[in-house]
Amino acid sequence: MPAIVIIGAQWGDEGKGRIVDHIAKRTCMVVRYQGGNNAGHTVVIGDKTFKLHQVPAGIMRKGVAAVLGNGMVINPLALVEELDTLQAEGIPIEDIYISSNAHVIMPYHLLLDALEEKQRGAACLGTTLRGIGPAYADKYARCGLRMQDLWPLERFEKRVAEVLPRVNLELEGVFKHEPLTVKEIVDAYAGVAERLAPFVTDTSLLVNNALDKGETVLMEGAQATMLDIDFGTYPYVTSSSPTAGGACQGAGVSPVKIGAVLGVVKVYTSRVGTGPFPTELLDETGDWIVEKGQEYGTTTGRRRRCGWIDLVSLRYATRINGFTDLALTRLDVLSGLDEVKLCVAYEMPDGSITRDYPLNTDTLAQVKPVYEAMPGWSGNLHAARSLTDLPETARNYCIRVSELLGVKLDMVSVGAERDDLIVNSWPIN
């Protein structure tokens, strides 16, 4: 069987974790292909809520391997803490595999992230301060450390000694910060490096072997399309490629082995941090959506900015990723509104109307959304297990989104619980 890629179609926080968890039960492995512990995927099972930051959401399914791919940047301290939490909850971790080529978030990356963001002042990017950007910068500057560099201890010490002079030059010369020592860095990571060593392997080989055997592999993206380093609202983006192209690079898989690309779309829009957001609601409705949906970051706890669904950006995401399938999430959150709106076009600064997404970030900050209004719905949707179980207006809303994007509707989430999900069809049957 080919691979299935699950991608956030907006600015993240679409509820990918629960979609991954659901599809994972029919796969042999789930691969996280980019990002680091700046992401958070939530899975609710009964009265327990699991918040995952580096381990793929498929870990919740027994017998499903969880792979941290080469495209990730890994914080070893945070990963060990996450593994310990999973074990304490009775979740087995023996089927976790970490790419030997994945880059490591070092202590100085976190420090530089904070110092750089502070230096930007009012022009700050709103990063999670997890060291993600500096770690990726070192990767492409060819001076990063990879998971395979963490042991034996002699190799780790040698690699740190090679890169630290450059790091200290920046710390002291640019930020007037005291230098770091090889000893303090090695001491901080030596114990966790030994703990993680048994999990590290050639994950590209592992994934391709599974696909060659006819198994179904699920590839999980963090963040989302509009935060992509190339196609997002630059510079208010993440430092990796959460798009379909990034899945191939970050997992070491050929594009010809991808059979379906499922776009996960929240029925409204949210984003964390700064940057243009055409449909943002700075009114009582926006506040209502935030509180009803508990829109606070899984990783940071920051309040998310919320607004109506943006079909202009979603058509753009569909084009970039080639979505074959669609999953709509959080339909229950909008229950109780008399009217819901869909942004179907933008009014440009010169007064013209466009259905195409402008690539210039300054222009995007000035556009005005052109809305199509639809009747709202009310009531508890949690028991719905088919589209016909939904109120007619809610069903029409879902169908309209699918029609405007020209993408087959597979799933609709109607609540936070694991099984609060309408499965209309599967990406690969």
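Suppose the filter is out of contact with any helix residue (DSSP H, G or I) (no Cβ under 9 Å at 6 or more places or on another chain) and of a type in the set (A, V, I, L, M); does A135 pass it?
The answer is no for A135.
Every residue in the range 138-152 that is over 20 Å from A78 (Cα atoms) and outside any loop (DSSP other than H, G, I, E, B), please.
Once the filter is applied, which keeps residues that are over 20 Å from A78 (Cα atoms) and outside any loop (DSSP other than H, G, I, E, B), the range 138-152 yields only Y140.
List pairs: first in the range 374-401 and in a helix (DSSP H, G or I), second of a type in the set (S, T, Y) and open to solvent by less than 30 Å² (accessible area, probe 1.4 Å), Cβ under 8 Å, 6+ apart or cross-chain?
Going by the 8 Å Cβ cut-off, the qualifying pairs are A394/S335.
Which one of these does F277 not meet: (1) at pLDDT below 95; (2) open to solvent by 10 Å² or more (accessible area, probe 1.4 Å); (3) under 21 Å from L314 (Cα atoms)?
Looking at each condition in turn, F277 falls short on (1).
Among the residues that make up the range 300-318, is at least one of them touching a helix residue (DSSP H, G or I) at 6+ places or on another chain (Cβ under 6 Å), surrounded by fewer than 23 Cβ atoms within 10 Å (Cβ to Cβ) and farther than 18 Å from F231 by Cβ?
no
Which of the residues that make up the range 194-208 are open to solvent by less than 40 Å² (accessible area, probe 1.4 Å), β-branched (V, I, T) and within 20 Å of L83 (Cβ to Cβ)?
Of the residues in the range 194-208, the ones open to solvent by less than 40 Å² (accessible area, probe 1.4 Å) are 196-197, 199-200, 203-204, 207-208.
Pick out the ones that are also β-branched (V, I, T) and you get 200, 203, 207.
Selection gives V200, T203.
D113 is checked against (1) under 20 Å from the mean Cα position of the chain (by Cα); (2) part of a helix (DSSP H, G or I); (3) at pLDDT 95 or above and fails just one. What number does that condition carry?
So D113 meets the others, but not (3).
Name the residues in the range 225-249 that are open to solvent by 20 Å² or more (accessible area, probe 1.4 Å) and assigned to a loop (DSSP other than H, G, I, E, B), would you?
I229, D230, F231, Y234, P235, Y236, V237, S239, S241
Condition check: open to solvent by 30 Å² or more (accessible area, probe 1.4 Å), among the small types (G, A, S) and modelled with pLDDT under 95. Does G126 satisfy that?
Criteria not met by G126.
To keep it simple, each residue is scored yes or no on (1) in a loop (DSSP other than H, G, I, E, B); (2) touching a residue at least 60 places away in the same chain (Cβ under 8 Å); (3) not hydroxyl-bearing (S, T, Y).
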residue	(1), (2), (3)
G273	yes, yes, yes
T285	no, no, no
E291	no, no, yes
C306	no, no, yes
R315	no, yes, yes
I320	no, yes, yes
F323	yes, yes, yes
L326	no, yes, yes
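Has the range 320-336 got at least one residue that is over 22 Å from V412 (Cβ atoms) and touching a Phe, Trp or Tyr at 6+ places or on another chain (Cβ under 7 Å)?
Pass one, the range 320-336, residues over 22 Å from V412 (Cβ atoms): 320.
Subset that is touching a Phe, Trp or Tyr at 6+ places or on another chain (Cβ under 7 Å): 320.
So far as the range 320-336 goes, yes, one or more of its residues are over 22 Å from V412 (Cβ atoms) and touching a Phe, Trp or Tyr at 6+ places or on another chain (Cβ under 7 Å).
For residues that are in a helix (DSSP H, G or I) and open to solvent by 70 Å² or more (accessible area, probe 1.4 Å), scanning just the range 159-193, find the one that is nearest to L145 (Cα to Cα). Before you say what the answer is, go through the steps one by one.
Looking only at the range 159-193, we keep the residues that are in a helix (DSSP H, G or I), and these are 159-173, 182-193.
Subset that is open to solvent by 70 Å² or more (accessible area, probe 1.4 Å): 162, 165-166, 169, 172, 183-184, 187.
Details: E162: 10, P165: 14, R166: 14, L169: 18, E172: 21, K183: 16, E184: 16, D187: 16 Å.
Here the residue is E162.
Pick from the range 46-103 the residues that are more than 19 Å from A210 (Cβ to Cβ) and of a type in the set (K, R): which of them is farthest from the chain's Cα centre (by Cα)?
Residue satisfying both the conditions and the ranking: K48.
The values are calculated or read from the model by the stated rules, or taken from the named source; none is laboratory data. Quick caveat: nothing in here was measured; it's all calculated off a predicted structure. Backbone-built Cβ (ideal geometry, glycine too); neighbour counts: all protein chains shown. The protein model used for the area step is the full one, side chains on, heavy atoms only, and it has no ligands, DNA or RNA in it. Shrake-Rupley method; radii C 1.70, N 1.55, O 1.52, S 1.80 Å.
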